[in-house]
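These notes are about the structure you will find just below.
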Amino acid sequence: MLSKRLEDALNAQINAEFWSAYLYLSMSVDASAKGYKGVANWFAVQFKEEQAHAQIFINYVLARGGKVELAPIPEVKTSWETPLEAFEDTIVHERKVTSLINELCHIAAEEKDFATSNMLVWFVDEQVEEEENVQEQIDAMRAVDGNKFGMYMIDKDLATRTYVTPTPLAGKE
Ligand code: MG
């Protein structure tokens, strides 16, 4: 059985993952409206990934006989001046998510819940990738420093990103 403390923390994380999904959908919609098709695609993929993260936590809580409680999703920002600004908000947000995952690891360890500790390893690794990936886009956008052709090329590149089902969900969607 999951302890109540861990069950509550996992439910809070499910909500945080949906909030992330909502944030990235908002960024995708905003980029699309401003003509950045590639940026819109990149955040649309991100939107799907965050929903998958929520689903992984949901499946896990259910597998452990816990109760999943879906809480309201707080509102998100709806407009960004530039794609760079959206990516800068994204890196700040992903660092926050990393700290949430670390805190979950801490609680799982304190509760001596080794199954949860193991499940969280995938998320610990995933956050390293997330931060690295977002930083790469920020570096590219800073390198072109507002140059329109440079931004056009980056947007073309971001259009090629495709969604890949996260390993813990493979065959379960
Ligand atoms: Mg996530």
Max mean-square fluctuation residue, GNM over the chain, Cα-Cα springs under 10 Å, options L104, L23, L70
L70
Cleavage-rule hits, trypsin sites (Lys or Arg not before Pro), segment 58-164, DSSP coil, Cβ neighbours within 10 Å at most 13
K67, K77, K112
Show me, bin by bin at 10 Å from 0, the whole-percent P(r) of segment 1-144 based on Cα pairs.
11, 40, 30, 15, 4, 0
How large is ³J(HN,Hα) for each residue in segment 63-75, as worked out from phi by the Karplus curve 6.51 cos²θ - 1.76 cosθ + 1.60 (θ = phi - 60°), to whole Hz, x for Gly and Pro?
4, 8, x, x, 9, 8, 10, 8, 9, x, 9, x, 5
Would you mind working out the magnitude of the charge dipole of the chain relative to its Cα centre, with +1 at each Lys and Arg C-beta and -1 at each Asp and Glu C-beta, to the nearest 20 Debye?
460 debye
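Every number in this text was worked out from the coordinates using simple rules, so none of it is lab data. If you're wondering where the values come from, they're calculated on a predicted model, not measured in any experiment. Neighbour counts are summed over all protein chains in view; Cβ atoms, including those assigned to glycine, are modelled from backbone coordinates with ideal geometry.
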